[in-house]
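One structure is given below, encoded as structure tokens.
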């Protein structure tokens, strides 16, 4: 299904464009619809629940009672009794349990009852076992529910592992609205991050057009109109209408959850996270590898993305404030490798993967590098205008985040102002996706932009 780039598609149209999730219900008492969902969208109806203590109380117990009352077999459950993180070792635990029960019960349907972490763990485990799974979300906390991938820590390195999205989702806005406020503000922050993702995609699209092939640099992805329409066109309206989700407003939470779900559908459609992830997520991934905590509590993904959105917005404004001169310095991979090894010295297991990624995106051809630099300068005004026709300036983005209850100060996610700014150095090194960070590095002004950020009033403590 194709959606015109200038259209605001409906939820039904976005679901139709997705090719893995067949059903998403967002209505009161959605759990009561699970037996019918199983009958319509799954070949089997032997359920195994995965939750944690909190999410089992929020929705798992109700789901289990509903299923048993409808005559659906619930062959067991695995309830985490500790605070868990999105680490691959937990996938292995869930996979082993599911594998054991699938041998005894042919046609097992795993049911993830929880928020982002539970969903990602079950998603990957179910995918490895080739089992379609059901998602019963308990918070509008992130966009990963419907995404065909799971962001997991593996050997200390945050990476997106491919796995199929849930076959069906049953979301009760009343349950979502009853989640702790910080989870709703986390989801809002994740949604707001799409502002920056849109700006980064515009940059990649404009530089792709320099040769019409995208061969001048890794990650120059042209804009795909259907995925763009799904995420970007309704974004401003969705943010405005969901800002009271943090206050427990059921209607606002429903809008937030559906907007996040549509983002995941765009990822399913495109088989890539480009529509939903840019430099703001690169920063978030850095902080997830650093396991940020505040008062012993792990900072949520969405709150990291919110701070990443603020920092990336400041980077955009500082970078585009002044057209650079043509840089004739040629970077050395030897120096680049040494820099990467130094800043990631505490991540021994992850370092080889990071070096590999950075090496692949490093432009070793001097002629190619100069063509790209000249192309950036020749098209500077066009790129800048296209970006700022789409994304607001820093002050406006900060206001949006404030209205949605997102963190605005570095210490709210366990960082200093200096730490936030310097994280851009690491963020540029860990992914192949082309963003404003790459554009500044290639232009030879990356360090200068960071200095501008330091000397600005952006990202105040």
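Quick one: would you say residue 271 is farther than 23 Å from residue 436 by Cβ, modelled with pLDDT under 95, surrounded by fewer than 24 Cβ atoms within 10 Å (Cβ to Cβ) and not assigned by TED's automatic domain parsing to the domain that holds residue 442? Walk me through how you get there before you give the answer.
On the way: farther than 23 Å from residue 436 by Cβ: yes; modelled with pLDDT under 95: yes; surrounded by fewer than 24 Cβ atoms within 10 Å (Cβ to Cβ): yes; not assigned by TED's automatic domain parsing to the domain that holds residue 442: yes.
Yes.
Among 98, 121, which is touching a helix residue (DSSP H, G or I) at 6+ places or on another chain (Cβ under 7 Å), over 30 Å from residue 429 (Cβ atoms) and either part of a helix (DSSP H, G or I) or in the same structural domain as residue 292 (by TED's automatic domain parsing) (or both)?
Values: 121 fails: over 30 Å from residue 429 (Cβ atoms).
When all the criteria are applied, what remains is 98.
Could you list, ordered by first residue, the pairs with Cβ atoms under 8 Å in which the first is in the stretch 343-357 and free of Cβ contacts under 8 Å to residues at least 12 places away in the same chain and the second is buried (at least 17 other Cβ atoms within 10 Å of the Cβ) and not in a loop (DSSP other than H, G, I, E, B), at least 6 apart or interchain?
345/351; 351/340
Output yes when any residue across the stretch 51-67 is farther than 27 Å from residue 238 by Cα and not in a helix (DSSP H, G or I), and no when none is. Lay out the reasoning, then the answer.
The initial filter retains those residues of the stretch 51-67 that are farther than 27 Å from residue 238 by Cα, namely 51-54, 56-57, 60-67.
Still in the running and not in a helix (DSSP H, G or I): 51-52.
Checked against the condition, which is being farther than 27 Å from residue 238 by Cα and not in a helix (DSSP H, G or I), the stretch 51-67 yields at least one hit.
In this structure, does residue 304 turn out to be touching a residue at least 60 places away in the same chain (Cβ under 8 Å) and more than 14 Å from the chain's Cα centre (by Cα)?
On the way: touching a residue at least 60 places away in the same chain (Cβ under 8 Å): yes; more than 14 Å from the chain's Cα centre (by Cα): no.
Spelling it out, it is not the case that residue 304 is touching a residue at least 60 places away in the same chain (Cβ under 8 Å) and more than 14 Å from the chain's Cα centre (by Cα).
Look through 204, 151 and report the one residue that is at pLDDT below 95 and either assigned to a helix (DSSP H, G or I) or in contact with a strand residue (DSSP E or B) (Cβ under 6 Å, 6 or more places away or on another chain) (or both).
On the way: 204 fails: at pLDDT below 95.
None of the other options fit; the residue is 151.
Could you please let me know if residue 258 is assigned to a helix (DSSP H, G or I) and in contact with a strand residue (DSSP E or B) (Cβ under 8 Å, 6 or more places away or on another chain)? Spell out how you get there, then give the answer.
Values: assigned to a helix (DSSP H, G or I): yes; in contact with a strand residue (DSSP E or B) (Cβ under 8 Å, 6 or more places away or on another chain): yes.
Yes, satisfied.
Would you confirm whether any residue within the stretch 232-245 is buried (at least 19 other Cβ atoms within 10 Å of the Cβ), over 19 Å from residue 10 (Cβ atoms) and in contact (Cβ under 8 Å) with a residue 24 or more places away in the chain?
Scanning the stretch 232-245 turns up at least one residue that is buried (at least 19 other Cβ atoms within 10 Å of the Cβ), over 19 Å from residue 10 (Cβ atoms) and in contact (Cβ under 8 Å) with a residue 24 or more places away in the chain.
Looking at residue 382 and the list (1) surrounded by fewer than 19 Cβ atoms within 10 Å (Cβ to Cβ); (2) in contact with a helix residue (DSSP H, G or I) (Cβ under 8 Å, 6 or more places away or on another chain); (3) more than 17 Å from residue 199 (Cα to Cα), which single condition is not satisfied?
Result: residue 382 passes all but (3).
Read through the list (1) under 26 Å from the mean Cα position of the chain (by Cα); (2) touching a residue at least 12 places away in the same chain (Cβ under 8 Å), then give the number of the only condition that residue 395 fails.
(2)
Just to be sure I understand, how many residues within the stretch 261-292 are outside any helix (DSSP H, G or I) and touching a strand residue (DSSP E or B) at 6+ places or on another chain (Cβ under 8 Å)?
Our first condition is that a residue be outside any helix (DSSP H, G or I); within the stretch 261-292, this holds for 271-273, 277-278, 290-292.
So of that shortlist, the ones also touching a strand residue (DSSP E or B) at 6+ places or on another chain (Cβ under 8 Å) come out as 273, 291-292.
The number of residues fulfilling the criteria is 3.
Considering only residues that are assigned to a helix (DSSP H, G or I) and closer than 26 Å to residue 26 by Cβ, look in the stretch 101-118 and name the one that is modelled with the highest pLDDT. Give the derivation first.
First pass over the stretch 101-118, keeping only residues assigned to a helix (DSSP H, G or I): 101-104, 116-118.
Within this subset, residues satisfying the condition of being closer than 26 Å to residue 26 by Cβ are 116-118.
Details: 116: 88, 117: 92, 118: 95.
Applying the filter and picking the extreme gives 118.
When you go through 363, 400 one by one, which is the residue that is closer than 25 Å to residue 318 by Cα and either without any contact (Cβ under 8 Å) to a residue 24 or more places away in the chain or not in a helix (DSSP H, G or I) (or both)?
Details: 400 fails: either without any contact (Cβ under 8 Å) to a residue 24 or more places away in the chain or not in a helix (DSSP H, G or I) (or both).
Testing whether each residue is closer than 25 Å to residue 318 by Cα and either without any contact (Cβ under 8 Å) to a residue 24 or more places away in the chain or not in a helix (DSSP H, G or I) (or both) leaves just 363.
Within the stretch 77-91, which residues are in contact with a strand residue (DSSP E or B) (Cβ under 6 Å, 6 or more places away or on another chain), crowded, with 17+ Cβ neighbours inside 10 Å and closer than 11 Å to residue 50 by Cβ?
The answer is 77, 78, 80.
Kindly indicate whether residue 50 is touching a strand residue (DSSP E or B) at 6+ places or on another chain (Cβ under 8 Å), over 13 Å from residue 136 (Cβ atoms) and in the same structural domain as residue 126 (by TED's automatic domain parsing).
Values: touching a strand residue (DSSP E or B) at 6+ places or on another chain (Cβ under 8 Å): yes; over 13 Å from residue 136 (Cβ atoms): no; in the same structural domain as residue 126 (by TED's automatic domain parsing): yes.
When the stated conditions are applied, residue 50 does not pass them.
With the requirement that a residue be part of a helix (DSSP H, G or I) and surrounded by fewer than 16 Cβ atoms within 10 Å (Cβ to Cβ), what does the stretch 316-342 give you? Even if it seems obvious, please write down each step before you answer.
Just the residues of the stretch 316-342 that are part of a helix (DSSP H, G or I), to begin with: 316-320, 333-342.
The answer is 333, 334, 335, 337, 338, 339, 341, 342.
Among the residues that make up the stretch 20-30, is at least one of them part of a helix (DSSP H, G or I) and either modelled with pLDDT of 95 or more or in contact with a helix residue (DSSP H, G or I) (Cβ under 7 Å, 6 or more places away or on another chain) (or both)?
yes
Check 371, 376 and return the single one that is over 29 Å from residue 189 (Cα atoms) and surrounded by fewer than 17 Cβ atoms within 10 Å (Cβ to Cβ).
Numbers: 376 fails: surrounded by fewer than 17 Cβ atoms within 10 Å (Cβ to Cβ).
Result: 371 is the single residue among 371, 376 that is over 29 Å from residue 189 (Cα atoms) and surrounded by fewer than 17 Cβ atoms within 10 Å (Cβ to Cβ).
I'm trying to understand the selection: among the residues of the stretch 95-115, which are over 12 Å from residue 52 (Cα atoms) and within 24 Å of the chain's Cα centre (by Cα)?
Taking the stretch 95-115 and keeping what is over 12 Å from residue 52 (Cα atoms), we get 95-111.
If the condition is that a residue be over 12 Å from residue 52 (Cα atoms) and within 24 Å of the chain's Cα centre (by Cα), then 95, 110, 111 are the ones that fit.
When the residues of the stretch 53-85 are filtered to those that are touching a helix residue (DSSP H, G or I) at 6+ places or on another chain (Cβ under 7 Å) and in contact (Cβ under 8 Å) with a residue 60 or more places away in the chain, which remaining residue is farthest from residue 96 (Cα to Cα)?
58
The values are calculated or read from the model by the stated rules, or taken from the named source; none is laboratory data. What you see is a predicted model, and the numbers here were worked out from it, not measured in a lab. Reconstructed Cβ throughout: ideal geometry from the backbone, glycine too, with neighbour counts over all protein chains shown.
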